[in-house]
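Q: Just dropping this structure here.
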Amino acid sequence: MEKLVITGPTPLKGEVVISGAKNAAVAILPATLLINGVCTIENLPNISDVKLYCNILESLGAKIKWNSPHEITVDTRNLNSHIASSDATRKFRASYYLIGALLGRCKEVKVGIPGGCNLGNRPIDQHIKGFEALGAKVDVSNGYITAKAKRLVGTSIYMDVVSVGATMNIMLASVLAEGTTIIDNPAKEPHIVDLANFLNTMGADIRGAGTDTIKINGVKELKGNATYSIVPDQIEAGTFMLAAIASKGDIKVKNCITKHLESIIAKIEEIGGNVEANGDHLRVWYSKRPTKANIKTLPYPGFPTDLQPQMGVVLAQAQGTSIINESIWESRFQYTDELRKMGAHITAQGKTAIFEGVEKLTGAPVSASDLRAGAALIIAGISAKGTTEIYNLTHIDRGYENIEEKFRKLGAKIERVNEE
Ligand code: EPZ
């Protein structure tokens, strides 16, 4: 079994280049199934979820050529199946985008129930509501989700809950439907806009992604014959920004879109950090111990839940008492159990956690409960005095490309060790 061994404290200094967004890539890859043609995707993050998705696409008959670790050419003219087995789909959450894509292309689909990070209850009722509104019959049984439609006809769909996954899935299912689909109260994350931009590049007609109403005019076919570059990952960028503050460092974050980071920039400045933003790059640096803050995670453009654990590491070492209210997920404070092993004073109850800041964390053996908790523990290990060992690395490798390499280039004393 592998573990990361980190010796701290080290102030992180230097430059980091942000990779393509995981949560955009895992929607755009299944979206290629809607194309009766060939397309090229650039700036793919080199992470296990992307490799997993490419294997699933090939199992469905897609032909994939790897032009580089970050670029593929996909030929989806001759699909030979609409069934994705559960042994692949249960390995990650985003496998549920196969439903919208295959329903849209083949009018029928059978997909193993998705897996993904354990963040508490992760229902898909809004996805199903959308598919049924378009005319599909959906069944969930025997560990599979099946959906079938004689015709998919555009309609108006109001999202009861702001859901990234459901917004993406309804977009995928309605791109080739007859007529117009309106999605009201959609999610507005940058990866939603990226999926819409990808689909439009391939021949779709989607307007309003990133606003409160998305309008999809169904088209007959997506021809592809185009190249698309994945948007930079604002969560990876935010992870390194918070690492700069937690470690008392000074980092230049390159290949990011600072517009997507406004809530993080505002919070970092509020607690006494420094940010100089310049369009596609920014500098973030520590000049004094952070002051306390209250955080409420919200759908974009609010403070992202996917940066909540990383912010928790900063607040665990801030002056005074801070509060985090996790409004999206039922159970996203498991990482605080691990921070307490490192000397943090945190009380977590349901969707709220109270952080009484301490001067310094101390190294300890800890375990990553999910992707972003893993990133938070790396930041904690770099900031802490002593040696930290981090177990359960598969979560981290799903969403961060060469994370220890990127931290090492910033001065971190971090090694991946194989226990055996
Ligand atoms: C996506 O998950 C991301 N995953 C998550 O990132 C992220 O935390 C989340 O969006 C919120 O931004 C991917 O994009 C692969 P939701 P998703 O549907 O789509 C409720 C990471 O670390 N809900 O926006 O599963 C749900 O319970 C991962 O990269 C319903 O009630 O999230 C939650 O409370 C972790 N019914 C809220 O909506 C539904 O049908 C938001 O969930 C769907 C969701």
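The values are calculated or read from the model by the stated rules, or taken from the named source; none is laboratory data. Predicted, not measured: the structure shown is a model, and the values here were computed from it. Ideal geometry is used to build each Cβ from the backbone, glycine not excepted, and the neighbour counts take in all protein chains shown. With ligands, DNA and RNA removed, areas are computed over all heavy atoms of the protein, side chains included. Shrake-Rupley method; radii C 1.70, N 1.55, O 1.52, S 1.80 Å.
Q: I'd like to know if segment 334-350 contains one or more residues that are within 16 Å of the ligand (Cβ to nearest atom), under 22 Å from Arg93 (Cβ atoms) and at pLDDT 95 or above.
A: yes
Q: Taking Lys129 as the residue in question, decide whether it is more than 22 Å from the chain's Cα centre (by Cα), over 19 Å from Ile56 (Cα atoms) and of a type outside the set (Ser, Thr, Tyr). Working first, answer last.
A: On the way: more than 22 Å from the chain's Cα centre (by Cα): yes; over 19 Å from Ile56 (Cα atoms): yes; of a type outside the set (Ser, Thr, Tyr): yes.
Spelling it out, Lys129 is indeed more than 22 Å from the chain's Cα centre (by Cα), over 19 Å from Ile56 (Cα atoms) and of a type outside the set (Ser, Thr, Tyr).
Q: Further question on the same structure: Report whether or not Val284 is open to solvent by less than 20 Å² (accessible area, probe 1.4 Å), assigned by TED's automatic domain parsing to the domain that holds Arg372, within 16 Å of the ligand (Cβ to nearest atom) and more than 18 Å from the chain's Cα centre (by Cα).
A: Details: open to solvent by less than 20 Å² (accessible area, probe 1.4 Å): yes; assigned by TED's automatic domain parsing to the domain that holds Arg372: yes; within 16 Å of the ligand (Cβ to nearest atom): no; more than 18 Å from the chain's Cα centre (by Cα): yes.
The answer is no for Val284.
Q: Let me ask another. Out of the residues in segment 14-46 meeting the condition of being more than 16 Å from the ligand (Cβ to nearest atom) and open to solvent by less than 10 Å² (accessible area, probe 1.4 Å), tell me which one is farthest from the chain's Cα centre (by Cα).
A: The qualifying residue farthest from the chain's Cα centre (by Cα) is Gly37.
Q: Within segment 147-164, which residues are within 16 Å of the ligand (Cβ to nearest atom) and of a type in the set (S, T, N, Q)?
A: First, pick out the residues of segment 147-164 that are within 16 Å of the ligand (Cβ to nearest atom): 147, 157-164.
Ser163 - this is the single residue of segment 147-164 that is within 16 Å of the ligand (Cβ to nearest atom) and of a type in the set (S, T, N, Q).
Q: Having 2 or more residues that are touching a Gly at 6+ places or on another chain (Cβ under 6 Å) is the bar; report the strands (runs of 3 or more DSSP E) wholly within segment 351-394 that clear it. Reasoning before the result, please.
A: Numbers: elements: 352-356, 365-367, 386-391.
Answer list for segment 351-394: 386-391.
Q: Pro186: touching a strand residue (DSSP E or B) at 6+ places or on another chain (Cβ under 8 Å), within 12 Å of the ligand (Cβ to nearest atom) and outside any strand (DSSP E or B), yes or no?
A: Details: touching a strand residue (DSSP E or B) at 6+ places or on another chain (Cβ under 8 Å): yes; within 12 Å of the ligand (Cβ to nearest atom): yes; outside any strand (DSSP E or B): yes.
Here the answer is yes, as Pro186 does meet what is asked.
Q: Being closer than 23 Å to Gln234 by Cβ, in a helix (DSSP H, G or I) and either open to solvent by less than 20 Å² (accessible area, probe 1.4 Å) or not assigned by TED's automatic domain parsing to the domain that holds Ile192 (or both) narrows it down to one of Pro309, Pro301, so name that one.
A: On the way: Pro301 fails: in a helix (DSSP H, G or I).
Just a single option satisfies the conditions, and that option is Pro309.
Q: Let me ask another. Condition (residue is within 21 Å of Val17 (Cα to Cα), more than 16 Å from the ligand (Cβ to nearest atom), open to solvent by less than 50 Å² (accessible area, probe 1.4 Å) and not aromatic (Phe, Trp, Tyr)) applied to segment 389-408: is it met by at least one residue?
A: Checked against the condition, which is being within 21 Å of Val17 (Cα to Cα), more than 16 Å from the ligand (Cβ to nearest atom), open to solvent by less than 50 Å² (accessible area, probe 1.4 Å) and not aromatic (Phe, Trp, Tyr), segment 389-408 yields at least one hit.
Conditions tested, residue by residue: (1) buried (at least 20 other Cβ atoms within 10 Å of the Cβ); (2) outside any loop (DSSP other than H, G, I, E, B); (3) within 16 Å of the ligand (Cβ to nearest atom).
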site: Asp87; (1), (2), (3): no, yes, no
site: Leu98; (1), (2), (3): yes, yes, yes
site: Leu102; (1), (2), (3): yes, yes, no
site: Gly120; (1), (2), (3): no, no, yes
site: Pro123; (1), (2), (3): no, no, yes
site: Lys129; (1), (2), (3): no, yes, yes
site: Glu132; (1), (2), (3): no, yes, yes
site: Val140; (1), (2), (3): no, yes, yes
site: Ile145; (1), (2), (3): yes, yes, yes
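Q: Hey, does segment 52-62 have a residue that's among the aromatic types (Phe, Trp, Tyr) and in contact with a helix residue (DSSP H, G or I) (Cβ under 7 Å, 6 or more places away or on another chain)? Explain how you work it out, then say what you get.
A: Step one: of segment 52-62, the residues among the aromatic types (Phe, Trp, Tyr) are 53.
Of the ones still in play, those that are also in contact with a helix residue (DSSP H, G or I) (Cβ under 7 Å, 6 or more places away or on another chain) are 53.
Yes, the conditions are met somewhere in segment 52-62.
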